[in-house]
Each structure stands twice: as structure tokens, then as C-alpha cells.
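Below is one structure, written out as C-alpha cells; comments come after it.
We did not get these values from a lab; they are worked out from the coordinates using the rules stated. Nothing here was measured: the structure is a model prediction, and the numbers come from that model. Cβ placement follows ideal geometry from the backbone for every residue including glycine, while neighbour counts extend to all protein chains displayed.
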Amino acid sequence: MASMTMFRQSHRLKNVRYDVRGPILTEAMRLESEGHDVLRLNLGNMRPFGLTARPEIVDAVAAGLDAAQAYSDSRGIPVAREAVANHYQRQGIDGVRPDNVFLGNGVSELITLTLQALVNPGDEILVPAPDYPTWTGAVNLTGGVPVHYLADESNCWNPSLEDIESKVTPRTTALVLINPNNPTGAVYSEDTVRGIADIARRHKLVLLSDEIYEELVFGDARHHHAARAAGDDVLCLTFGGLSKAYRVCGYRAGWAVATGPLHLAGDLLEGITLLSNMRVCPNATGQHAISLALGAGTPDSPLPADIIDPGGVLERRLALTADALNSIPGVSCVAPRGALYCFPRVDTELFGIDSDEEFVLDLLRTEHILVTHGTGFNWPDPDHFRIVCLPDDAILDQAVTSIGRYLGRRRRV
Ligand code: PLP
């Protein structure tokens with residue numbers, strides 16, 4: 001008999017991970033197939049929790065369905081790119097032009113595409129720890145090296161500027177920031193954003209600023225755009241989209257916007273355009289939601305009260321979750337100031353946790369609650385997990401009570 005050939009994935013996938021949808025989700029699906037009711041608190045996905053988009057956004061997509069039969073311009077439909085440019089101009093970011101706006105199938109595609117255009121094998125890219133794991137995975141996919149800098153839990157999870165600075169080497173080419181942050185819920189202070197831009201300025205790094213949670217900022221926190229701090233002498237790519245505040249993740253409508261010394265970035269932007277051309281175009285249907293979503297948010301056309309408003313549903317659920325977590329002995333949670341998540345610390349000694357993956361799997365099997373382990377976000381120690389704060393107050397409260405009960409059973413003393 002002829003010998004069998006094994007068909008293997010490429011070596012480039014060796015360090016590529018995306019645990020948010022990894023083996024733990026497979027196990028949750030297995031439990032569900034056995035008839036168990038799993039409370040999925042693993043994805044920042046609004047619709048399953050009844051948090052629907054404004055109807056005008058859905059209507060805009062419906063109205064665009066006929067036109068969307070065609071391929072669009074590979075960088076996206078002009079009206080949407082113009083709306084994105086206007087959105088940033090209104091926020092004081094000068095010189096944003098539709099020509100420098102690239103639409104994509106969500107920010108996810110644009111992260112991969114931009115890094116493919118920018119990074120050579122061996123280039124070092126500074127990425128926060130914890131991070132949204134697409135960033136680390138996409139750097140690894142290019143053959144570049146993700147170098148993680150630490151966010152400081154004792155400083156509301158703001159990144160440590162000293163740690164960033166200490167990790168810059170002659171091979172560093174870009175610096176990623178995620179603000180507001182997934183998974184920590186941090187909203188970086190103005191000093192932090194300026195400090196990061198200064199490091200990029202001094203070391204001639206490209207800033208890659210993931211701001212998909214830009215509008216999800218609560219209490220007295222304020223969002224500060226990296227592109228503003230970067231000014232006209234630091235090349236900055238800002239990533240945003242409709243998946244979070246606009247609650248249409250399934251439409252896959254995201255964008256990347258280049259600002260700063262674009263006269264020095266022609267070659268890179270041509271590379272991003274080339275890859276945009278090769279992918280032909282983003283899903284055309286979702287693009288039709290962009291101008292309505294962004295344009296309707298101007299002060300000239302005020303919107304009815306929304307779930308993301310200060311004092312609204314999301315702010316309450318984040319606070320409720322953090323408070324409930326903090327009432328569990330051996331658990332502490334920095335109150336999130338933005339985004340959709342809590343990233344609590346668990347006392348690994350007290351609960352006998354050596355592997356956070358084992359911990360979240362056991363929690364899933366015994367309580368049927370699906371959360372994500374902290375090391376899945378490239379956090380170095382097995383002492384955190386991420387919980388999505390989207391369900392109704394009562395369900396959230398019950399979920400945290402179950403987590404507390406489970407941890408109580410694990411206590412060593
Ligand atoms: N960036 C961050 C920080 C995220 O949390 C997410 C999704 O959760 C994404 C990007 C991906 O967003 P999109 O739906 O636009 O691909």
C-alpha cells in the first residue's frame with residue numbers, strides 16, 4: 001500500500017492562537033449538544049443579549065442591498081469612506097481624507113491586512129499584554145515578533161510607559177495600542193496616550209491604534225485619539241468600526257485610517273491598497289450602514305437615548321459585574337471604564353490554579369458558564385479571566401454568584 005501523506009498547516013501558524021473561539025468554545029458546544037444550557041460570556045457580541053442596533057442602521061443596509069450586488073471599490077464605497085473621514089475630522093484630527101480610509105470586513109481583517117503590508121520577518125512589534133489576541137496572532141502570521149509590554153493593573157490598567165520604552169530595540173517598527181481596552185476595560189489617560197505617541201515619535205515607530213470601543217466610555221473617563229497625539233509627525237493607523245457601539249458585528253463593517261506624515265508613507269499605503277485589491281472588496285452590504293451610523297451621530301441630528309449613553313444599560317452592567325466580582329473573597333477587579341468586559345484577578349494560591357485554561361474549562365463543565373482565560377489574551381500569568389458584561393442584570397448577578405460558589409469549592413483554606 002502506498003504510504004499516506006499527512007497534510008499539515010503551514011509553519012507560519014505555529015504561534016498563531018485565538019483562544020476566545022478556541023478549545024473552550026468547542027467544549028461549550030459539546031455541552032450544548034448534550035442539552036446543557038451554557039451561558040456564553042466569551043464574546044463581545046451584542047445581538048444575542050437583545051442589544052440590537054438602531055433600526056435606521058438596519059434600514060440603511062436593506063436600502064443598499066440592490067447596489068451591494070456589485071463588487072465595490074476595493075477600499076470601500078466612497079460615501080462610507082467620506083463619512084469615516086468626517087467622523088475623525090469632527091473630533092479634531094486634521095487632514096483625514098477619504099483617500100486614506102480603507103474599509104474592511106471588520107477591524108479583524110484590517111489588522112491582518114495592515115500587518116501583512118507592514119511587517120517583515122524578524123521585525124518587532126510592541127503589543128500590549130493583555131491584548132486582543134488577533135494582534136499577537138496577526139504579527140506572528142507575518143513572521144514578525146510580538147513583543148509584549150505590560151498594562152499596569154495598579155494604574156487602572158494603563159500601559160507602563162517605562163516598560164514600553166525598555167522594550168524598544170533597533171528592530172522595533174510599530175507600536176500597537178488598544179484604547180478603550182479589550183480585555184481590561186481601561187480607558188487610557190491623556191498622559192498615557194501622549195506618552196505612547198512620544199515614544200513612537202522618538203523611535204520612529206508606526207502607531208497602530210485599535211479604537212473600536214471609542215464610543216464605549218463611561219463615567220468621567222474620556223477617550224483620547226492616538227492620531228491626535230501623533231499629530232503630523234507620527235504615522236498613525238487608527239482602526240474602528242460598527243461592531244461594538246453600533247451593535248452590528250455581523251455586518252463586518254470596519255475601517256483603518258492613516259494620518260500623520262503621509263508623504264513618507266506612500267509605499268506602505270500602496271501595499272495596503274494592493275492587499276485591498278487582492279481581497280477585491282469588503283462585503284458590500286455592511287458598508288451601506290457606515291455613513292448612516294456615523295452621520296446620524298452628529299450633534300446636528302440628535303439620536304434618541306441609547307444603551308451606550310452615560311448611565312445607560314452598559315455602564316450599569318459593567319459596574320454591577322465588577323462590584324459582584326469584588327465581593328468574592330480571593331477575587332479583585334479593577335472597575336472597567338470602557339468597552340464591554342471585566343478582567344478580574346483570582347488568587348491562584350487560594351484556589352489552587354496552576355493553569356487558567358484548566359480553571360475556565362472546569363468552571364464551564366461544572367457551572368455551564370463560558371468565560372475566557374487571561375493567558376488567551378497573552379497575559380503572562382494564569383491569574384485572570386475575562387467575562388463579557390452584556391446579559392441582563394439578573395443573569396449577570398446570577399453568573400457571578402455561580403462563579404463565586406465554584407471558587408468557594410476550590411478554596412484550599
Ligand atoms: N479589536 C478589538 C480590540 C476587539 O475587541 C475586536 C472584537 O472584539 C475587534 C478588534 C474585532 O472587531 P471587528 O468585529 O470589527 O472585526
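Tell me whether region 169-297 comes out rounded, prolate or oblate; compute the Cα gyration tensor, take square roots of the eigenvalues as a ≥ b ≥ c, and use a/c under 1.5 as the rounded threshold.
Taking the square roots of the gyration eigenvalues as a ≥ b ≥ c, region 169-297 is oblate.
Cα axis of helix 313-326 to longest principal axis of the chain: angle in degrees, 0 to 90, nearest 10?
40 degrees
On C-alpha positions alone, give me the angle between the axis of helix 106-118 and the longest principal axis of the chain, in degrees, nearest 10.
60 degrees
Take the alpha-carbon positions of region 55-295, form their convex hull, and give its projected area averaged over all directions (one quarter of the hull surface) in nm².
Result: a mean projected hull area of 12.1 nm².
Long-range amide H contacts for His148: which residues qualify at under 5 Å (H placed 1.01 Å from N, peptide plane, sequence gap of 5 or more or a different chain)?
Here the answer is Val127, since their amide H atoms fall under 5 Å of that of His148.
Could you tell me which residue out of Ile125, Leu150, Gly185 lies farthest along the dipole of region 55-295 toward its positive end? Charges go on the beta carbon: Lys and Arg +1, Asp and Glu -1, centred on the Cα centre.
Sorting the options by dipole projection puts first Ile125.
Report, in degrees rounded to the nearest 10, the 0 to 90 angle that the Cα long axis of helix 356-367 makes with the longest principal axis of the chain.
So the helix axis and the longest Cα principal axis differ by about 60 degrees.
Dipole of region 318-413, Cα-centred, from +1 at each Lys and Arg C-beta and -1 at each Asp and Glu C-beta, to the nearest 20 debye?
The calculation lands at about 140 debye.
Enumerate the calculated ³J(HN,Hα) couplings along region 15-26 in order (Karplus 6.51 cos²θ - 1.76 cosθ + 1.60, θ = phi - 60°), each rounded to whole Hz, writing x wherever the residue is Gly or Pro.
With the stated coefficients, region 15-26 comes to 9, 8, 9, 8, 5, 4, 10, x, x, 5, 5, 4 Hz.
What does the charge dipole of the chain about its Cα centre add up to, to the nearest 20 debye, if the Cβ of each Lys and Arg holds +1 and the Cβ of each Asp and Glu holds -1?
It works out to roughly 720 debye.
Can you tell me, using C-alpha contacts under 8 Å and at least 6 residues apart, the relative contact order of the chain as a whole percent?
22 percent
Could you tell me how many cubic angstrom of Cα convex hull volume the chain has per residue?
For the chain, the hull spanned by Cα atoms encloses 178 Å³ per residue.
Mind running the shape call on region 233-379? Use the C-alpha gyration tensor, a ≥ b ≥ c as the square roots of the eigenvalues: rounded below 1.5 for a/c, prolate if a/b tops b/c, oblate otherwise.
Cα axes put region 233-379 in the prolate bin.
Would you pull out the residues with amide H under 5 Å of Val206's amide H, same chain only if 5 or more places away, H placed 1.01 Å from N?
Those qualifying (amide H under 5 Å, at least 5 residues apart or on another chain) are Ala174, Leu175.
Could you name the lysines whose alpha carbon sits less than 21 Å from that of Lys204, not counting residues in the same chain fewer than 8 places away?
Those lysines meeting the cut-off are Lys167.
Which value in deg cm²/dmol, rounded to the nearest 500, describes the helix-derived mean residue ellipticity at 222 nm for the chain, given -39,500 (n - 2.57) per DSSP H run of n ≥ 4 and division by the residue count?
Helix contribution divided over all residues of the chain: -11000 deg cm²/dmol.
About the Cα centre of region 55-295, what is the dipole size in debye to 20, counting +1 per Lys and Arg Cβ and -1 per Asp and Glu Cβ, all else neutral?
340 debye
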